[in-house]
Amino acid sequence: MKIIKRLQKLKPAFWDHRDIAGTHSHTGFNFTRKWKLIVLFTSFMALLPLFVMTLVDSRLTHRTIEDEMKSSMSKILNSAAASISLSKDLKKSALKYVALLDSGEDNDIFVVNETGTLLTPSFHYGKAGTPNALNTKQFKDKAGIEEDIALDGKAIIAGYARIPDSSLIVVLVKNKKWLTDLWFKPRLKLVGYLAVSIVLILLSIMGMATYLVGRIHSADRKRIKALHHAEYANKLASIGRLASGVAHEINNPLAIINQKTGLIMDLFTLKKDLSSDERLMPLAKDVLDAVKRCGTITRRLLDFARHMEPSIQPVNIGMIIGQVLAFLEKEAERRCITISVENEDFIPNFECDRGSLQQVFLNLIENAFAAMEDGGRLNICVRFKKKQKVTISVSDNGKGISDDDIHKIFEPFYSSKNDHWGSGLGLSITYGLVKEIGGDIIVKSTVGEGTCFTLTLPLNAEAKNGKR
């Protein structure tokens with residue numbers, strides 16, 4: 001299992017990529033397939049000349065060695081025939097000459113007559129006097145080289161030379177296996193060098209392909225993330241404008257209702273016959289309370305919508321957290337979720353993008369709500385740190401995030417809600433917004449116990465990109 005996990009770490013990020021961000025899944029860019037095509041095509045083009053040259057070299061070298069061996073055999077046989085022919089007793093001279101040579105499996109030299117009877121012993125054809133040991137009919141010329149099969153079934157190269165003015169033939173036989181060994185053994189090192197070269201070439205190609213496809217994958221992810229970030233920001237801005245319009249439209253009739261209800265209460269007070277009815281005044285007060293509650297909601301909408309557009313301004317971190325929690329308090333009440341805010345340290349106002357902070361806390365708190373069952377617990381803790389920094393931790397007692405998934409949660413389109421790549425952009429955009437305002441965010445989680453996001457924000461620094 002440990003080896004498998006280590007190998008998993010070596011796997012490039014694009015290997016399991018699935019382009020779910022696209023409209024149609026079948027049109028997505030398959031990075032793994034492109035990597036394989038690059039490796040296969042580049043390997044083929046790089047190794048093909050190497051294999052061709054190796055094959056040509058092996059054939060040429062084998063042929064050269066064979067030609068050199070045949071030439072050497074011809075020289076030996078011609079020299080033997082010439083030496084023997086100078087003697088008066090050709091048979092005796094031939095026997096002595098062959099006896100002086102070192103004959104064996106790889107260098108078998110012997111003398112036969114025209115009928116193929118051995119006059120001297122042969123390693124491949126038997127003892128002296130063996131009749132019809134060799135088919136001499138194939139020896140048509142005065143001297144030559146022929147390929148044959150020995151009596152023991154081994155492939156051989158047989159060279160012969162006829163002794164002038166006699167029926168004697170000097171034969172030199174070499175085993176073909178010896179020729180192959182003579183060619184192959186010196187090239188074992190070359191084969192080793194070739195294998196090492198092939199491995200290095202393949203590793204280089206795979207490494208370069210991984211680097212190039214990885215860069216393309218990274219650029220593609222950044223492009224898609226930027227597009228969806230912009231789309232998300234435009235949607236929020238549209239929601240802000242819509243909320244602002246709705247709030248203004250609601251405020252107008254609310255003002256009329258408030259005014260008319262106040263007038264009705266004044267009439268109830270002035271006219272004794274109406275003021276005596278105890279049911280009318282409480283009903284009118286209920287209407288005013290409802291108007292006041294609606295007014296509070298519309299003011300929250302206006303305040304939230306007013307800061308949708310990005311801008312750097314002094315912010316109060318406690319106030320922003322309170323505004324975000326106000327929008328979610330009804331859901332918390334319905335699901336019996338306990339929310340506690342610890343903000344004991346004095347945190348001075350600091351320059352930051354108010355809208356970005358609202359989005360960050362809204363995303364984190366909604367993410368915590370989604371992870372918790374009914375009756376869960378959410379804790380927000382604000383602390384002042386040294387070096388003019390403030391930390392805000394948002395922790396819940398939800399289902400938690402596994403170790404395999406925790407390093408993916410800030411990546412776009414990953415959602416832990418369904419355990420696969422999806423359209424989730426909340427945490428990815430949260431990470432981007434935190435980085436834009438010069439902060440940092442980390443996450444710790446234990447499966448079955450909960451998750452804690454910790455933000456670190458500077459108190460004396462503007463956003464990375466300045467006033468946007």
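The values are calculated or read from the model by the stated rules, or taken from the named source; none is laboratory data. Quick caveat: nothing in here was measured; it's all calculated off a predicted structure. All Cβ positions, glycine included, derive from the backbone under ideal geometry; neighbour counts span all protein chains shown. Protein only, heavy atoms only, side chains kept; ligands, DNA and RNA dropped before computing areas. Shrake-Rupley method; radii C 1.70, N 1.55, O 1.52, S 1.80 Å.
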Every residue from the range 71-86 that is at pLDDT below 85 and among the charged types (D, E, K, R): none
Can you tell me which residues in the range 368-403 are open to solvent by 30 Å² or more (accessible area, probe 1.4 Å) and among the hydrophobic types (A, V, I, L, M, F, W, C)? Ala370, Phe384
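Just checking, does the range 97-105 include any residue being among the hydroxyl-bearing types (Ser, Thr, Tyr), surrounded by 11 or more Cβ atoms within 10 Å (Cβ to Cβ), farther than 30 Å from Ile201 by Cα and at pLDDT below 80?
Of the residues in the range 97-105, the ones among the hydroxyl-bearing types (Ser, Thr, Tyr) are 97, 103.
Now narrow it down to the ones that are surrounded by 11 or more Cβ atoms within 10 Å (Cβ to Cβ): 97, 103.
Filter once more, keeping what is farther than 30 Å from Ile201 by Cα: 97, 103.
Going one step further and asking which of them are at pLDDT below 80, we end up with 103.
Yes, the range 97-105 contains at least one residue that is among the hydroxyl-bearing types (Ser, Thr, Tyr), surrounded by 11 or more Cβ atoms within 10 Å (Cβ to Cβ), farther than 30 Å from Ile201 by Cα and at pLDDT below 80.
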Just to be sure I understand, how many residues within the range 237-293 are modelled with pLDDT under 75, open to solvent by less than 50 Å² (accessible area, probe 1.4 Å) and under 30 Å from Arg354 (Cβ atoms)? 6
When the range 299-317 is examined, which residues are found to be crowded, with 16+ Cβ neighbours inside 10 Å and modelled with pLDDT of 75 or more? Ile312, Val315, Ile317
Mind counting the residues in the range 161-206 that are more than 20 Å from Arg63 (Cβ to Cβ), among the β-branched types (Val, Ile, Thr) and within 46 Å of the chain's Cα centre (by Cα)? 5
If Cys336 meets every condition in (1) at pLDDT 85 or above; (2) under 42 Å from the mean Cα position of the chain (by Cα) apart from one, which number is that one? (2)
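Is there a residue being of a type in the set (A, V, I, L, M, F, W, C), open to solvent by less than 60 Å² (accessible area, probe 1.4 Å), modelled with pLDDT under 80 and not in a strand (DSSP E or B) anywhere in the range 142-155?
Quick first cut of the range 142-155, residues of a type in the set (A, V, I, L, M, F, W, C) only: 143, 145, 149-151, 155.
Subsequent filtering for residues that are open to solvent by less than 60 Å² (accessible area, probe 1.4 Å) retains 143, 145, 150, 155.
Next, only the ones that are modelled with pLDDT under 80 stay: 150, 155.
From the residues that got through so far, the ones that are not in a strand (DSSP E or B) too are 150.
Within the range 142-155 (the criterion being of a type in the set (A, V, I, L, M, F, W, C), open to solvent by less than 60 Å² (accessible area, probe 1.4 Å), modelled with pLDDT under 80 and not in a strand (DSSP E or B)), the answer is yes, since at least one residue qualifies.
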crowded, with 18+ Cβ neighbours inside 10 Å and touching an Asp or Glu at 6+ places or on another chain (Cβ under 8 Å): which single residue out of Ile365, Ile321, Ile337 fits that description? Ile337
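The rows are residues; the columns are (1) modelled with pLDDT of 80 or more; (2) more than 22 Å from the chain's Cα centre (by Cα); (3) not in a helix (DSSP H, G or I).
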| position | (1), (2), (3) |
| --- | --- |
| Ile4 | no, no, no |
| Phe41 | yes, no, no |
| Pro49 | yes, yes, no |
| Asp57 | yes, yes, no |
Quick check on the range 393-429: of everything there that is at pLDDT 85 or above and of a type outside the set (A, V, I, L, M), which residue is nearest to Ser218 (Cα to Cα)? Ser402
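For the range 44-84, name all the residues that are among the aliphatic types (A, V, I, L, M) and open to solvent by 60 Å² or more (accessible area, probe 1.4 Å). Let's see the steps before the verdict.
The first filter runs over the range 44-84 and keeps only residues among the aliphatic types (A, V, I, L, M), leaving 45-48, 50, 52-53, 55-56, 60, 65, 69, 73, 76-77, 80-82, 84.
Hits for the range 44-84 are Met45, Leu48, Val52, Met53, Leu55, Val56, Leu60, Ile76.
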Could you please tell me which pairs satisfy a Cβ distance under 7 Å, a separation of 6+ or placement on different chains, a first residue in the range 38-67 that is closer than 27 Å to Lys177 by Cβ, and a second residue that is open to solvent by 70 Å² or more (accessible area, probe 1.4 Å)? Ile65/Leu182
Of the numbered conditions (1) closer than 29 Å to Pro49 by Cα; (2) without any contact (Cβ under 8 Å) to a residue 12 or more places away in the chain, Ser197 fails exactly one; give the number of that condition. (2)
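Tell me whether the range 210-218 contains one or more residues that are aromatic (Phe, Trp, Tyr), part of a helix (DSSP H, G or I), modelled with pLDDT of 85 or more and open to solvent by 60 Å² or more (accessible area, probe 1.4 Å).
The answer is yes, given that some residue of the range 210-218 is aromatic (Phe, Trp, Tyr), part of a helix (DSSP H, G or I), modelled with pLDDT of 85 or more and open to solvent by 60 Å² or more (accessible area, probe 1.4 Å).
Scan the range 156-206 for residues that are among the aliphatic types (A, V, I, L, M) and part of a helix (DSSP H, G or I) and report the count. Talk me through it step by step, then tell me what you get.
The first filter runs over the range 156-206 and keeps only residues among the aliphatic types (A, V, I, L, M), leaving 156-158, 161, 163, 168-173, 179, 182, 188, 190-191, 194-196, 198-203, 205-206.
Pick out the ones that are also part of a helix (DSSP H, G or I) and you get 179, 182, 188, 190-191, 194-196, 198-203, 205-206.
Adding up the residues that qualify gives 16.
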